[in-house]
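> Got a structure for you, written out below as structure tokens; questions coming shortly.
The values are calculated or read from the model by the stated rules, or taken from the named source; none is laboratory data. Since we're looking at a predicted model, the values are computed, not measured. Methodologically, a virtual Cβ is constructed for each residue, glycine included, from the backbone with ideal geometry; neighbour enumeration extends over all protein chains shown. Please note that ligands, DNA and RNA were not included when accessible areas were found on the heavy atoms of the full protein model with its side chains. Shrake-Rupley method; radii C 1.70, N 1.55, O 1.52, S 1.80 Å.
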Amino acid sequence: MTDSPQQEYDPGDVAVIGMSLRAPGARTKEQFWDNLVHGRESISFLAKDDIHVDETLIHSPFYVRACGVLDTYDKFDPSVFGISDRMAAAMTPENRLFLESAWESLEDGGYDPDRLVAEIGMYGANNPQTAALYGSPPDRVSVGPEAIEASLAWSPDTMTSNALYYMGLTGEAVTVAAVCAGFHYAVHLACQSLLLGQTDMAIAGGAMVRLPHPRGHLWEENRVLSKDGHCRPFDANGTGTALSSGVVTVLLKPLNHAVADRDHVYAVVKGSAVNNNGVSAMAYGLAQPERLSACIASTMEVGGVAPDTVSMYEANGLGLPVTDELEVHAATMAFGKQTATTSIGGVKGNVGHGGVVSGGFGAIKAALALYHRKLPATINLTEVNPDLDFPGTPFVPQLEGADWEPEAGIRRAGITSIGGGGYNAHLLLEEAPAAAGRAPEAEGRPRLATLSALDDDALARQRTRLRDWLEANPGLRLDDVCFSLNLGRKVMPRRWAAVVRSRAELIAALADDARGPAVTTAAAPRTDPDAFSRTDRGIVPSGRDERALSELAAVWVTGRQVDFDALHVGEASHRVPLPTYPFQPRRFWRTDW
């Protein structure tokens with residue numbers, strides 16, 4: 001347990017302790033952040049042969065062959081979840097992507113689903129059209145039980161319940177329908193459930209696969225889709241956005257609990273709010289400034305945050321002058337007159353409009369900006385739209401990347417998401433609290449590090465990824481790494497373990513397990529499991545010296561269950577982000593029933 005008292009933290013604060021993302025041009029959140037920092041646009045411009053739509057549409061002079069392509073939209077690794085190939089093919093791509101992303105968020109947070117004794121809420125948004133476009137199931141009444149089973153995999157409603165089931169979890173399962181504001185609505189509902197004590201942790205997010213994939217769009221004057229495929233937020237020459245696909249999930253827990261449990265915190269959700277324009281809309285589907293302003297102001301009020309302390313505003317930012325003007329006007333009313341300057345940006349210039357997951361792209365951008373204390377530039381913004389009158393607002397367009405040095409002394413970010421049909425949503429994130437001081441790690445103490453996978457190839461990739469991660473993050477403590485590996489990963493049949501005294505020894509062991517302190521399932525030494533003491537959780541280590549840990553490693557790699565909680569009892573180690581499971585995706589695609 002941490003020495004920090006729980007009462008230091010606002011009881012309404014929710015910690016983001018795990019994240020997973022797949023976006024155009026990025027398989028991971030780390031790649032996504034690298035793209036943002038370096039100002040990369042991840043919109044693809046397609047050849048005609050790459051587009052699977054009606055030939056007449058392709059040859060239209062108004063057809064724009066641009067979209068945000070998701071490379072893994074049709075791939076999945078069912079073996080990790082015990083799913084048959086037949087069922088994997090029946091599942092919609094959004095069901096599959098959300099399941100893998102939820103797994104990654106839980107692992108990123110340092111939790112093994114098999115060790116959790118808790119209620120885990122699952123909240124997700126998807127595109128209800130995807131199921132019909134992927135291939136509707138037959139009439140379940142006439143076909144019988146087989147169709148019922150397939151339809152559960154096919155239905156957008158069961159995306160979150162499927163994730164709970166296949167991950168071996170229990171808790172709430174809520175699939176959200178709030179069009180392009182779906183991600184924000186999922187996070188909003190998850191936070192409410194956590195603060196009411198209905199769940200212990202929650203996974204919230206969204207998945208969007210635009211079908212057929214890939215494909216472009218038809219441009220129409222004054223509509224939200226771009227004339228040339230580029231999105232230019234706040235630019236005088238903006239003509240809208242391109243469409244894209246992706247998946248984002250976050251793992252959430254009340255902040256006071258996260259601190260007590262020694263979780264890694266990326267950012268803190270200070271508040272969230274949602275509303276709808278209803279009959280007050282200027283035009284159905286467009287933002288209504290007064291209603292959007294009320295949503296943004298309500299979020300700050302819920303979080304007890306003054307507007308002049310919010311120094312980053314991640315806009316919905318469609319890149320169409322009329323919609324950008326409405327949003328900036330609404331945000332200005334919510335923020336009011338202030339002397340502080342707030343950076344304003346829009347991620348759609350990088351990745352396009354991801355539908356129900358678009359707000360997730362903005363939220364991950366903001367969370368990582370808080371985490372790295374940097375403000376990425378808004379790309380494709382070369383001529384600021386003078387009609388936005390930024391000098392008369394609290395906002396300054398983020399034209400270049402910069403270190404984030406807030407005037408208020410604390411970093412906070414607001415993220416807006418707007419959905420057709422009048423949906424408004426806003427999230428307010430704050431930087432993670434400073435970690436409590438810890439004594440330096442004891443040098444030379446032996447530690448046990450473990451890895452496991454379904455097969456030897458995946459295990460080898462695990463070792464390579466962890467080695468690269470440790471080399472890229474020299475500040476990681478060995479005790480935290482071992483604690484996170486031993487307690488935060490699902491145990492699988494093929495195993496690797498090493499007893500090491502330093503990060504350098506661990507890196508060396510990961511590079512070559514043919515010599516040194518490592519043992520594997522493939523070459524496990526002989527052990528006598530009956531020589532160990534046991535609890536209901538498995539074999540208990542006889543000590544923490546090198547010999548005892550080596551014996552424990554040898555018995556664990558042969559398939560025995562070990563009580564790792566007993567190994568780490570009394571320690572002050574923290575969970576830290578480490579590489580997640582190396583899925584081996586294969587293509588699954590259903591063309592008929």
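> Which aspartates and glutamates does residue 75 reach when only Cα atoms under 15 Å apart count, and residues fewer than 8 places away in its own chain are ignored?
Hits, sequence-local ones excluded: 85, 94, 100.
> From largest accessible area down, sort 185, 284; use a 1.4 Å probe on the protein chains.
The ordering from most to least exposed comes out as 284, 185.
> Sticking with this structure for a sec: For residue 434 and residue 132, FRET efficiency with R0 = 41 Å and r from the beta-carbon atoms, rounded to 0.05?
My answer for the efficiency is 0.25.
> Using helices alone, I'd like the mean residue ellipticity at 222 nm for the chain: each DSSP H run of four-plus residues gives -39500 (n - 2.57), total over residue count, nearest 500.
-9500 deg cm²/dmol
> Next question. Over 18 Å between C-alpha atoms is what I'm after, so list which of 29/365; 365/490; 29/374 land there.
From the list (29/365; 365/490; 29/374), the Cα-Cα distance tops 18 Å for 365/490.
> When the Cα centres of region 255-315 and region 533-593 are compared, how far apart do they sit, in Å?
So the separation of the two Cα centres works out to 39 Å.
> Taking the Cβ-Cβ separation of residue 228 and residue 531 as r and a Förster radius of 51 Å, what is the calculated FRET efficiency to the nearest 0.05?
0.10
> Shifting gears a bit: Given a 1.4 Å probe, how much area per residue of the chain is accessible, in Å²?
40 Å²
> Then there is this: At residue 237 and residue 198, where each label point lies 7 Å from the Cα along Cα→Cβ, what is the point-to-point distance in nanometres?
4.9 nm
> Something else: How would you classify region 300-416 from its alpha-carbon gyration tensor, with a ≥ b ≥ c the square roots of the eigenvalues: rounded for a/c under 1.5, else prolate if a/b is greater than b/c, otherwise oblate?
rounded
> Something else about it: Figure the gain on full extension for residue 34 and residue 566 (residue separation times 0.36 nm, minus the Cα-Cα span) and round it to one decimal in nm.
187.6 nm
> Here's another thing I want to ask about it. Between the alpha-carbon centers of region 397-421 and region 339-375, tell me the distance in whole angstrom.
7 Å
> Another question, then. Suppose the chain between residue 117 and residue 502 were pulled fully straight at 0.36 nm per residue; how much longer would it get relative to their current alpha carbon spacing?
Net length gain for the segment: 135.4 nm.
> For residue 457 and residue 402, compute 0.36 nm times the residue count separating them, minus their Cα-Cα distance, and round to one decimal in nm.
15.7 nm
> Would you please give the residues with an amide H less than 5 Å from that of residue 235, counting only those at least 5 places away or on a separate chain, with H modeled from the backbone geometry?
For residue 235, the qualifying residues are 385.
> Let me ask you something else. Within the chain, what whole-number % of the accessible surface is contributed by carbon and sulfur, with the 1.4 Å probe and all protein chains included in the calculation?
After summing per-atom areas, the C and S share lands at 51 percent.
> For residue 563, what is the net charge nearby, where nearby means another residue's Cβ is under 10 Å from its Cβ and Lys, Arg count +1, Asp, Glu -1?
Computed value for this residue: 0.
> To the nearest 10 square angstrom, how much accessible area does residue 528 have with a 1.4 angstrom probe?
Its heavy atoms expose roughly 90 Å² to the probe.
> Can you pull the one-decimal nm distance between simple spin-label points at residue 587 and residue 177, each 7 Å off the Cα toward Cβ?
Reported label-point gap for residue 587 and residue 177 is 3.3 nm.
> Would you calculate the separation in nanometres between label points at residue 382 and residue 542, each defined as 7 Å from the Cα along the Cα-to-beta-carbon direction?
7.2 nm
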